[in-house]
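To start, the structure itself, in structure tokens.
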Amino acid sequence: MSVLIDQHSKIIVQGFTGSEGTFHAGQMLEYGSDVVGGVTPGKGGSVHLGLPVFNSVEEAVKATGADTSVIFVPPAFAADAIMEAADAGIAVIVAITEGIPVADMIKAKAFLADKQVTLIGPNCPGVISPGKAKVGIMPGFIHQQGSIGVVSRSGTLTYEAVDQLTKLGLGQSTCIGIGGDPVIGTSTLEAVKLLMNDPDTEGIVMIGEIGGSMETDAARWIKEHGTKPVVGFIAGQTAPPGRRMGHAGAIVGGKDDTAAAKMEVMRACGLHVVDSPAAIGATMLEALKAQKAG
Amino acid sequence: MNIHEYQAKAILKENGVNIQEGQVAATPDEAVAAAEALLAETGTNWWVIKAQIHAGGRGKGGGVKLAKSLDEVRAITEKMLGMQLVTPQTGPEGKKVSKVLVAQDVYYPGPTEKQEYYMSILLNRQSGRNVVMYSPEGGVDIEEVAAQRPEKIFKEEIDPSFGVLPFQGQRIARNLGLSGKVAREMAHFVERLYASFVAVDASLFEINPVLKTTDDKILAVDAKVNIDDSALFRHSLIEQMRDLSEEEPSEIEAGKHNLNFVKLDGNVGCMVNGAGLAMATMDIIKLSGGEPANFLDVGGGANAQTVEAGLKIILDDPRVKAVLINIFGGIVRCDRVASGVVEAYKKLGNIKVPIIVRLQGTNAEEGKAVIDGSGLKVYSAITLQEAADLVKQLVG
């Protein structure tokens, strides 16, 4: 099993005919994802990559039965694209777009609150259930089907962790890039819960960074309810306070959202915390062995 | 984006928030003219001269002074303009003052006691909503209040669909100890303050102090405003408020090449694709016995041009003793990046510090072969641990 997406996910691409949308839709198709069409307002009725283009998500859902959407719409219009997808009944929305104004995301989050929908991102690499479906921009070839779940706020750092896992023979159930923005659809804790409840996930890698309290919130829940080993890393141990480190959400605001403070809480909650990002894969391997031995 | 107090106050005033009136001046003559204009406009015959720099704690460093005559306005301004103002937030080198705000004196005697409050608006990341945070203890360091008297800090979460509702404004006034007409003034102040926050896509408002004057007016005496960088595309007038003299020159240069760069003061430079991996690379440098000299995310476009621009900015810093380039190739191919590094290296010439190139992902082996075959003083690595070991060997 896997969470959020699998081989049955019917995927549409919002921002389908743009350069990003085109390239990554092609990559997703190549990976074997069931992309059934796309949306570009004004280009409805045309065919792109051999698939139908619609003017709205509503039309696309009616015609294709899509339940998953991936968004490559430019920042100024991306929050609206998210709300449109939710309104059309899409169940899983993956927003890749980086640079959406915070005020727009506050609005979108409020709009989504009473709907049966999961938003992943924005400003994220997407979600992949290796061997089943890829909804995002991550390189498919580094992944391998297996039983480790990965939750992360970053892109290439997630690839780094996945690569270490795969090379140690640890495949992945689902890798969830939750995004690096201050307002995102799915928190670390919500993603961890999904994986903790997934019977085919045996261990979880949780990669966070400075800023906010998502990792400590998740760690406290894991302490109470965790049943599987969790390896944790927080990027930004050397980041100075008050400076944005690339991601809009990666900023040390006070003493509680530094890497050191988060790692301390995570350790106290029983997570396998690594100081070096080079040790993520090996630590997972050991934690699994220890779990089986114990 | 950070803006100056005088710019922040202009934004507040435009959106109907009562402020301490003032005018900005870049010369002593302008300051005297501003003081005369304020006298005519508000009747104030004392003035507060405030240094305009992007840092708080200005009063402690001598950046806020009271002038009781036009002669004093001139004398204080002459001294303040051009000074290196050191505050608890500037670092020991301080910041150069090139403008002052000449403001009306709002601490005049009157029928009631004056009161100073603290008020800020910021995002609650957990709920995805903005929060008005406030305290009856204003005009002091709020971190101290939070640490010692947390019960004096209040929070009001705002529903984005409605803004500040009347009962919320009244609750805030009540918690600040106000009643009657002045409580209604405060509720109005908060409602306008929140509306301004939304109108300009702010990411932070900090008004410390909010003043209740001795004649029961509520106004913003100071204003720290940060604007959401991602929203600047729809605020061209605010974008023009950017003061490049407040920014690190190397960061401005990096911005021109679309590089996300933050200057630090260590001895190992780094260049990475992706913000999370860039932070993790800095951590690796530290764990290997070095100190990161910068944060640099080249994003998805790691090519010869961006590598050259990035290397140049990093190597401009004489403290840099080694550089670690860490690229995880997904869409971007490692052999292309490697060729880019070799090309940039040759073009820059005369590079005196060792460069470590760690390439992983798509075509990593081919990339390593390009680096190893180049004959340059460039060390190559494939795993993150190998890169860490090289850093240790070279600077640890």
Among residues other than B:K95 whose Cβ falls under 12 Å from its Cβ, what is the net charge (Lys/Arg +1, Asp/Glu -1)? -2
Among rounded, prolate and oblate, which fits the range B:165-322 when a ≥ b ≥ c are the square roots of the eigenvalues of its C-alpha gyration tensor, a/c under 1.5 means rounded, and a/b larger than b/c means prolate? prolate
Given a Förster radius of 22 Å and the C-beta distance between B:N15 and B:D229 as r, what FRET efficiency does 1/(1 + (r/R0)^6) yield to the nearest 0.05? 0.60
Kirkwood-Stokes translational diffusion coefficient of the range B:1-132, alpha-carbon pairs, 10 °C, 1.306 mPa s, µm²/s: 99
So what is the relative contact order for the range B:205-355, in percent, with contacts set as C-alpha pairs under 8 Å and at least six apart? 19
Part-to-part distance (alpha-carbon centres) for the range A:63-111 and the range A:1-35, which is given in Å: 15
Quick check: net charge around B:P354, other residues with Cβ under 11 Å of its Cβ, Lys/Arg +1 and Asp/Glu -1? +3
Counting all C-alpha pairs of the range A:11-120, share separated by more than 23 Å (%): 19
Report the one residue of A:A248, A:V273, A:Y159 whose Cα lies farthest in the direction of the positive end of the charge dipole of the range A:138-293 (charges on C-beta: Lys and Arg +1, Asp and Glu -1; origin at the Cα centre). A:V273
I'd like the carbon and sulfur percentage of the solvent accessible area for the range B:218-367, probe radius 1.4 Å, heavy atoms only, ligands and nucleic acids excluded. 48
Relative contact order, percent, the range A:138-293 [alpha-carbon distance under 8 Å, six or more residues apart]: 24
For the range A:153-294, what is Rg from Cα atoms divided by 2.2 N^0.38 Å, rounded to two decimals? 0.98
XL table A:K43/A:K107; B:K13/B:K224; B:K65/B:K224; B:K286/B:K321; Cα-Cα > 21 Å flagged, in table order, is A:K43/A:K107
What is the angle, in °, between the Cα long axis of helix B:28-42 and the longest principal axis of the Cα atoms in chain B? Nearest 10 is fine, range 0 to 90. 40
Among DSSP beta bridges lying fully in the range A:1-93, give the percent that are antiparallel, nearest 5. 15
What GluC sites (Glu not before Pro) in the range B:89-144 are in a loop by DSSP, with at most 11 other Cβ atoms within 10 Å of the Cβ? B:E93, B:E113
Over chain B, calculate the relative contact order: mean separation of alpha carbon pairs under 8 Å at least 6 apart, over the residue count, as a percent. 12
Note down the net charge around A:T64, summing +1 for each Lys or Arg and -1 for each Asp or Glu among other residues with Cβ under 15 Å from its Cβ. -2
Cα gyration tensor, chain B - rounded (a/c under 1.5), prolate or oblate: prolate
May I ask you to derive the FRET efficiency for B:N45 and B:L204 from their Cβ-Cβ distance with R0 = 30 Å, giving the value to the nearest 0.05? 0.30
Loop-resident trypsin sites (Lys or Arg not before Pro) in the range B:37-84 with no more than 16 other Cβ atoms inside 10 Å, DSSP not H/G/I/E/B, are B:K68
In the range B:249-395, what is the volume of the convex hull around the alpha carbon atoms, normalised per residue and reported in Å³? 88
Rounded to the nearest whole number, the Stokes-Einstein translational diffusion coefficient of the protein assembly as shown at 4 °C and 1.567 mPa s (Kirkwood radius, C-alpha pairs) in µm²/s is 48
Two-site label geometry, B:D105 and B:K377: point separation in nm, points 7 Å out along Cα→Cβ: 6.5
Length gain on complete extension for the stretch B:E36 to B:E78, per 0.36 nm per residue less the alpha carbon to alpha carbon distance? 13.4 nm
Burial order of peptide ranges B:326-339, B:34-47, B:263-276 (average beta-carbon count within 10 Å, highest first): B:263-276, B:326-339, B:34-47
Too-long pairs where the Cα-Cα distance tops 25 Å, listed order kept, from A:K10/A:K228; A:K262/B:K368; A:K255/B:K9; A:K109/B:K212; B:K60/B:K114: A:K10/A:K228; A:K262/B:K368; A:K255/B:K9; A:K109/B:K212
Shielding by other protein chains, A:231-242, mean Cβ within 10 Å: 5
Euclidean distance of C-alpha centroids, the range A:118-152 and the range B:244-280, integer Å: 28
Looks like the range A:130-203, by Cα gyration tensor root eigenvalues a ≥ b ≥ c and the a/c under 1.5 rounded cutoff (else prolate when a/b is bigger than b/c, oblate otherwise), is oblate
Looking at the protein assembly as shown only, what percent of DSSP beta bridges run antiparallel? Nearest 5 please. 50
What dipole magnitude, in Debye to the nearest 20, does the protein assembly as shown give about its Cα centre under +1 on Lys/Arg Cβ and -1 on Asp/Glu Cβ? 700
Using only DSSP helix segments of four residues or longer, with each worth -39500 (n - 2.57), what per-residue ellipticity at 222 nm results for chain A after dividing by its residue count and rounding to 500? -10500 deg cm²/dmol
Roughly how crowded by other chains is peptide A:141-150, in terms of the mean Cβ count from those chains within 10 Å of each of its Cβ atoms? 1
For the range B:72-163, run through the chymotrypsin sites (Phe, Trp or Tyr not before Pro) and keep only the ones in DSSP coil with at most 11 other Cβ atoms within 10 Å of their Cβ. B:F162
For a label point 7 angstrom out from the Cα of B:D141 toward its Cβ, which stretches of the range B:69-106 have the backbone nitrogen within less than 18 Å? B:86-94
Please report the spacing between the Cα centers of the range B:187-207 and the range B:1-71 in Å, no decimals. 20
Label zone at B:K96 (point 7 Å along Cα-to-Cβ), backbone N below 17 Å, the range B:242-256: B:243-253
Nearest 100 Å² is fine: what is the total accessible surface buried where chains A and B meet, probe 1.4 Å? 3500
Degrees between helix A:280-293 axis and first principal axis of chain A (Cα, 0 to 90, nearest 10): 70
Computed about the Cα centre, the charge dipole of chain B from +1 Lys/Arg and -1 Asp/Glu charges at the Cβ has a magnitude in debye, to the nearest 20, of 380
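The values are calculated or read from the model by the stated rules, or taken from the named source; none is laboratory data. These numbers come from a predicted model, not from an experiment. Quick reminder, even Gly has a Cβ in these numbers, built from the backbone with ideal geometry, and neighbours come from all protein chains shown. For accessibility, only protein heavy atoms count, side chains too; no ligands or nucleic acids. Shrake-Rupley method; radii C 1.70, N 1.55, O 1.52, S 1.80 Å.
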